Amino acid sequence: MKGRYEVCLAGEGGQGLALAGLVLAEAVVYGGKNVVTTQSVGAGQRGGISQTSIIISDGEIDYPKVLAADLFLALTQNAFDRYRSDVARDGLIIVDSSCVEAKEAEGLDIIPIPLREITLKALGEATATNLLALGVITELTRAVSRTAIRDAVKRNLPPKSLGLNKKALEKGFEVGRAIRAERRAKPV
Amino acid sequence: MDAIDERKYLRLNRFPTIWCPGCGIGIVLGAIIRAVARLGLDKDEVAMVSGIGCSSRMVGYVDFNTIHATHGRALAFATGLKLARPEMRVIVVMGDGDALAIGGNHFIQAARRNIDLTAIVINNSIYGMTGGQYAPTTPRGATATTAPYGNLEPPFDIPALAASAGAPFVARSTVYHAIELDRFIERGLRKKGFSVIEVLSDCPVFYGALNEMGSAVDMLRWYRDNTISVREAGKGEGKLVRGVLVDRDLPEYTEGYQRLVESLRGKGEG
Amino acid sequence: MKARVSGGAALMQGNEAVAAGALAAGLGFFANYPITPANEISRVLSRELPLRGGVFIQMEDEIASIAAVIGASLGGLKAATATSGPGFSLMQENIGYASATEIPCVIVDVQRGGPSTGMPTRPSQGDVMQARWGAHGDHPIIVLYPSSVSETYELTIRAFNLSERYRTPVILLMDEVVAHMRERVMLPLPEVEVVPRSKPKVPPEMYFPYEDGDNDVPPLASFGEGYRYNITGLFHDRLGFPTLRPDEINPWLKRLFGKIETNLEDIVWCEQELIEDAEVVLVAYGATARSARHAMKLARDRGEAVGMIKPLTLWPFPHIESIAERARRIIVVEMNRGQILGEVERLVHGKAEVLGVNRMDGEMVTPLEILHALEI
């Protein structure tokens, strides 16, 4: 479908990807585009593969799930192995290299970033890895503005952890910007 | 006291009842009517809800707002009605199998929740309507059509069950002790909360016949001779205790819910 | 409702839309028992109903939930419950009771993979026939099925309206995809007409809760308002008392089914798209209709004459047989083994080829799978 952009966030239950997906989707709504987000989870509240898809479009969205992801974020090895085949040929893959070993597969554009380690180092704990990842994605996809994401974070995160999450998000923007600059510099 | 004209509360055009000659359920019907009359309740503010079985047919004969619900579910129907109409007096009439086998969970949950319903369990120790099968109230060793070699299971002690589940008012009487029964039902109706009145009632056609207990009159005599008032408990070994066995004040659910709604008033529509 | 507002657009979840729709329709009583994937509905309503003076109660099981709903409805409140397959199975006896006693109520079934415990977090459309025939005995029922968040809102209100207008239980059937999907909706949500319960205008002594005759849907008096009458699940006469007389039963049955069957125009809602020139017509509902529409657009881009039919009223099933006179092939897309496929075959009666695209492994049917079926 024309103008359709598909994001697939996958990891383990409890890593907060559903929340990250919700924030991203809400930011898209602020930006005036159409969006549908769905989740695929196991039975437990924790553990097991958890996947969130966010479909962004200028027009109507019929099929609400990922057909071929334009952007795929994998926070665990299981999630990477399960969903890597659902990525579009020219899709972008971000893996948390702290946890995922992504062998260079032919034709796949994989950006390994030690998301968990960066979060741990910057904030002293890793719970906000989801928000850091969201910051990175925002910069690399530019499907939504930083302002819209900041707004959506403010609306959806509990006040108690808002400060920490905002910091993680800003750090994510910074990491994402650096990667973008680096990729521009690289000969294609 | 003025004489009570029971006919005022009955749907006389629905008579005669479906109950067998000698059945005790009619005595319970009379006791309920007298209790309602003594309290001076308006027929419009009284609802009677029942499940399935002989005793549950009672709702057809009383001139109240009546629901003949599904088997075992009378208390759950009544819970919804009571919450929608907290001002109504809701009487729930159940048989022993209805209340304690298929409806056993609803029974203990209603007691735990302590919702203002008056539950009357008419216990004839057997499934009458379906032909005399053993129930969770059939004494061990008694004969039923599905216990031809004697019942292997022990019966529920209904008042003990109701009390331990949290009911604030629990009483037991029999159809022989009709005057006592009137009073217990009246007290149950007065009680704000889940009140349980177990009424031992004769089924001469199945329980009586299968266990060679004689006629309906013989069965009533059995209740006279084999039960004892709680005031004299200890004097009659092996006898079933009658009386108001629990009467305590506990927070009632519909009042609690209304207080919650009051406390939220003005907090806006989130 | 915690609306996520921005300039008229907001993100809303399907289950949240059920709660919003129910409140907009005038919900006064909600009883339920926890079950995945329907839980968000009770989460919202347990917060919102007490604020509005309504009643929320969590019952001991699904049987008690639907029983309490029927009791509350007789008390005069618009009442509903929500569940998933296993709980829906438990409710069937009392759904039949509500159908036979003509007591308005709404039952939401957010389907999961089944049978048995099945796949609690995965989508399925396996309860389509249960929604129609789950209760024993012939009985009328209305089943609505949304495919988007805004449709969910609208159909929830419609479910209450039809339930009140026709004095019948209405089932809002959903799949996990739409129930858990968050989608952009425009706020304020559209104004939808709300149907109040019709109350008797005659004095109590002239009131027949099951009146026969021209008036197909007699008004329903609330308990406690001076109309003392009887409700029973036994076959009953005009007054609501048990009867075994064929001369009383037959007029009642005629009216019971007639009130639905003579009002199909009001009850049945079915959307058609691009079927005028279609050689192949897709039939799909709920989340699967979204796959079908996606596939239809791709096929049209390739120049193929494909159209689709989306029933929003699943039961009574729309009379779609006329499409068979034009279309060569009809493809029914479902997340089950072909429950509507059989209904379509029955209606089409051999006048067109009817095929199914089916999945029951907890995954949606993809547009690609439908395109593949077009190529056969």
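Summing Cβ point charges (Lys, Arg +1; Asp, Glu -1) relative to the Cα centre of region C:202-346 gives a dipole of roughly 680 debye. Among B:PRO136, B:PRO168, B:PRO154, the residue with the largest mean-square fluctuation in a Gaussian network model of chain B, with springs joining Cα atoms closer than 10 Å, is B:PRO154.
Region C:275-299 and region C:148-191 have Cα centres lying 22 Å from one another. Once you reduce region C:71-122 and region B:93-138 to the center of their Cα atoms, the two points are 24 Å from each other. Mean partner shielding of peptide C:116-125, defined as the number of other chain Cβ atoms within 10 Å of each residue Cβ, is 2. With a simple spin-label model that places each label point 7 Å from the Cα along the Cα-to-Cβ direction, the separation between A:ARG184 and C:HIS319 comes to 6.6 nm. With contributions of -39500 (n - 2.57) from each DSSP H run of at least four residues, the per-residue ellipticity at 222 nm computed over the protein assembly as shown stands at -11000 deg cm²/dmol. Using every pair of separate Cα atoms, the Kirkwood estimate puts the hydrodynamic radius of region C:271-375 at 13.3 angstrom.
Peptide C:179-191 is shielded by partner chain Cβ atoms: per residue, an average of 4 of them sit within 10 Å of its Cβ. Sparse packing (at most 13 other Cβ atoms within 10 Å of the Cβ) combined with a DSSP loop state is found for the following trypsin sites (Lys or Arg not before Pro) in region A:61-119: A:LYS103. What does the charge add up to near C:TYR153, with Lys and Arg as +1, Asp and Glu as -1, over the other residues with Cβ less than 12 Å from its Cβ? Once all neighbours under 12 Å are counted, the net charge is -4. For region A:4-182, the C-alpha radius of gyration sits at 0.94 times the compact-globule guess of 2.2 N^0.38 Å, with N the residue count.
For chain A, give the share of DSSP beta bridges that are antiparallel, in percent and rounded to the nearest 5; count only bridges with both residues there. Please list the in-between numbers first.
Values: 16 of 30 bridges.
Approximately 55 percent, going by the DSSP bridge assignments.
A convex hull fitted around the alpha carbon atoms of chain C yields 143 Å³ per residue.
Enter the buried accessible area of the B/C pair, total of both sides, probe 1.4 Å, in Å² rounded to the nearest 100. Result for this pair: about 3400 Å² buried. Applying 0.36 nm per residue to the separation of C:GLU279 and C:GLU363 and subtracting their alpha-carbon distance, the gain on full extension is 27.4 nm. Just so you know, the averaged projected area of the alpha carbon convex hull for the protein assembly as shown sits at 41.7 nm². Add +1 for every Lys or Arg and -1 for every Asp or Glu among the other residues with Cβ under 14 Å from the Cβ of B:THR130, and state the total. The answer is -1. In this label model, B:SER215 and B:GLN133 are separated by 3.2 nm, measuring between points 7 Å along each Cα→Cβ vector. For the protein assembly as shown, the share of accessible area belonging to carbon and sulfur comes to 51 percent (1.4 Å probe, ligands and nucleic acids excluded). With chain A treated as a Gaussian network of Cα nodes joined by springs under 10 Å, which of A:ILE137, A:ILE54, A:ILE118 yields the largest mean-square fluctuation? Of A:ILE137, A:ILE54, A:ILE118, the Gaussian network model singles out A:ILE118 as fluctuating most.
If Rh is defined by the Kirkwood formula over all Cα pairs and Rg also comes from Cα, what ratio Rg/Rh do you get for region B:152-248?
My calculation of the ratio gives 0.99.
Counting only alpha carbon atoms, the long axis of helix B:104-113 and the longest principal axis of chain B meet at about 40°. The alpha carbon centroids of region C:356-376 and region B:172-234 are separated by 66 Å. Which residues belonging to region C:26-40 lose at least 30 Å² of 1.4 Å-probe accessible area when the assembly is complete, relative to their chain isolated? Residues passing the criterion (a loss of at least 30 Å², heavy atoms only) do not exist in region C:26-40. Seen from C:LEU371, the other residues with C-beta closer than 10 Å to its C-beta sum to a net charge of -2, counting Lys and Arg as +1 and Asp and Glu as -1.
With the simple spin-label model, which puts each label point 7 Å out from Cα in the Cβ direction, the A:SER97 to B:LYS192 separation comes to 7.0 nm. Average accessible surface for the protein assembly as shown: 39 Å² per residue, computed with a 1.4 Å probe over protein heavy atoms with every protein chain in place. Over all pairs of different C-alpha atoms in region A:1-100, the reciprocal of the mean inverse distance, the Kirkwood hydrodynamic radius, equals 13.5 Å. Inter-chain neighbour count for C:8-17: the average number of beta-carbon atoms from partner chains within 10 Å of each residue's beta-carbon is 3.
In terms of its Cα atoms, chain B spans 66, 40, 36 Å along the principal axes, sorted from long to short. Distance cut-off 30 Å, Cα to Cα: go down the list C:LYS201/C:LYS259; B:LYS8/C:LYS259; B:LYS82/C:LYS199; B:LYS43/C:LYS201; A:LYS65/B:LYS267 and report the pairs above it. Violating the 30 Å Cα-Cα cut-off are B:LYS8/C:LYS259; A:LYS65/B:LYS267.
The values are calculated or read from the model by the stated rules, or taken from the named source; none is laboratory data. Source: prediction; values computed, not measured. All Cβ positions, glycine included, derive from the backbone under ideal geometry; neighbour counts span all protein chains shown. Surface areas here come from the heavy atoms of the whole protein model, side chains and all, with no ligands, DNA or RNA. Shrake-Rupley method; radii C 1.70, N 1.55, O 1.52, S 1.80 Å.
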